[in-house]
1. Here are LYS297, LYS277, LYS311: which of them is within 28 Å of the chain's Cα centre (by Cα), within 16 Å of ligand 1 (Cβ to nearest atom) and of a type in the set (D, E, K, R)?
2. For residues in segment 74-102 being under 16 Å from GLY60 (Cα atoms) and in contact with a Leu (Cβ under 9 Å, 6 or more places away or on another chain), which is farthest from ligand 1 (Cβ to nearest atom)?
3. Which ones in segment 89-103 are over 18 Å from GLY154 (Cα atoms) and not in a helix (DSSP H, G or I)?
4. Sort through TYR119, TYR95, TYR79, TYR110 and tell me the only one that's within 16 Å of ligand 2 (Cβ to nearest atom), of a type in the set (Phe, Trp, Tyr) and open to solvent by less than 50 Å² (accessible area, probe 1.4 Å).
5. Among the numbered criteria (1) surrounded by 18 or more Cβ atoms within 10 Å (Cβ to Cβ); (2) in contact (Cβ under 8 Å) with a residue 60 or more places away in the chain; (3) more than 19 Å from ASN179 (Cβ to Cβ), which single criterion is violated by GLY282?
6. If you scan segment 1-26, which residues turn out to be in a strand (DSSP E or B) and among the aliphatic types (A, V, I, L, M)?
7. Out of all the residues in segment 255-300, which are of a type outside the set (Val, Ile, Thr), within 16 Å of ligand 2 (Cβ to nearest atom) and assigned to a loop (DSSP other than H, G, I, E, B)?
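The values are calculated or read from the model by the stated rules, or taken from the named source; none is laboratory data. Keep in mind that this is a model prediction, so the values were computed, not measured. Methodologically, a virtual Cβ is constructed for each residue, glycine included, from the backbone with ideal geometry; neighbour enumeration extends over all protein chains shown. Just so you know, the surface numbers come from the protein's heavy atoms only, side chains and all, with ligands and any DNA or RNA stripped out. Shrake-Rupley method; radii C 1.70, N 1.55, O 1.52, S 1.80 Å.
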Amino acid sequence: MPVLCSSCGDKRAVLKRPKTGHSLCKECFFWAFEEEVHLTIVGAKLFTHGEKVGIGASGGKDSTVLAHVMKVLNERYNYGLELMLLSVDEGITGYRDDSLETVKRNQQQYDLPLKIVSYEELYGWTMDAIVKQVGLKNNCTFCGVFRRQALDRGAIMLKVDKICTGHNADDVAETVLMNFLRGDIARLRRCTAISTTSEGDGVVPRCKPLKYAYEKEIVLYAYFKKLDYFSTECIYSPNAYRGYARTFLKDLESVRSSSIMDVIHSGENLSVRDGVKMPSQGTCTRCGYISSQALCKACVLLEGLNRGLPKLGIGKHHKLHGKILSQEPFTEKEERKLKAVDF
Ligand code: SF4
Ligand code: ZN
């Protein structure tokens, strides 16, 4: 006996929703998934009518589903948004060049304008070249810091009011765990926020419409909608620490499916005691980007790359910021320490 959809009671169920356990037909699943994203958007007042919104697009499943759902909801509920795709080319041969081809096809399929900003044009370095210099241990630190700024710079070029990214519930829960394990209170607070307001000069507000969407459901949505996405992992291996948090979370999820939501809610409900010192946001004296130090992380990493001292931005070397700014040379001992790379 085929199982009937528990929502319409009419058609055959083709899946069991990971989030609720309900057996649904394709159409009822699409509707439930899209409506939940709509409720997230409306509930958190993520957009206002007439806004220009850049969708961070990597060609992967999350951002492809995000672009598709944003387009559907914008038309269905008349959000009145001007949508466009914004991609970052990290310069990773055999990975990003292929995934950007997917984004270009998505641009045609969804009929949205597309802007691609590259690390090479912004920083003068591709990730291929960075990995050659820094090895495969800290590459994701460079890539993460540069990507954050690159998205902002692309958004400014496109003159968008907001950026939305495809971060899903699993990503947020992983980040909560990682920040908790590191005791990073400032990040712990920020990572659960569904949207960030403009903090400082030139930084474009961001939001995560898929914050409560389970990764498993995003995969199902993309699969049943036959969306065109790129599923290969980066050749420079994913961040190892995040990998452990991910495995841990998947183990928890297999025992209790609500674990992902539970971790997010725990992160949201943690509050910081009065009087705890939080880093104050200023701006980078070199590039003007937001920073809690005299130099932003991207400028320090870049300085390290350009000087052949790749460890400059890894770990805590705040004391050296003054020397960088005044262009005072480092001592031999400092140079030796900053040169060492563990491949
Ligand atoms: Fe960049 Fe690391 Fe992600 Fe590759 S895995 S795209 S190097 S952050
Ligand atoms: Zn800077």
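1. Exactly one residue qualifies, and that residue is LYS297.
2. Only one residue fits best here, namely LEU85.
3. The answer is ILE92, THR93, GLY94, TYR95.
4. On the way: TYR95 fails: within 16 Å of ligand 2 (Cβ to nearest atom); TYR79 fails: within 16 Å of ligand 2 (Cβ to nearest atom); TYR110 fails: within 16 Å of ligand 2 (Cβ to nearest atom).
Residue meeting the stated conditions: TYR119.
5. For GLY282, the exception is condition (1).
6. So the first thing to find is which residues in segment 1-26 are in a strand (DSSP E or B), and the list is 4, 12, 15-16, 23-24.
Once the filter is applied, which keeps residues that are in a strand (DSSP E or B) and among the aliphatic types (A, V, I, L, M), segment 1-26 yields LEU4, LEU15, LEU24.
7. Keep residues of segment 255-300 that are of a type outside the set (Val, Ile, Thr), which gives 256-259, 261-262, 265-271, 273-275, 277-282, 284, 286-289, 291-299.
From what is left, the residues that are within 16 Å of ligand 2 (Cβ to nearest atom) are 279, 281-282, 284, 286-289, 291-299.
Matches in segment 255-300: PRO279, GLN281, CYS284, ARG286, CYS287, GLY288, TYR289, SER292, GLN293, ALA294, LEU295, CYS296.
A quick yes/no check of all residues on (1) farther than 27 Å from VAL172 by Cα; (2) of a type in the set (Lys, Arg):
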| residue | (1), (2) |
| --- | --- |
| VAL263 | no, no |
| PRO279 | no, no |
| THR285 | yes, no |
| TYR289 | no, no |
| GLN293 | no, no |
| LEU301 | no, no |
| ARG307 | yes, yes |
| HIS321 | yes, no |
| GLU334 | yes, no |
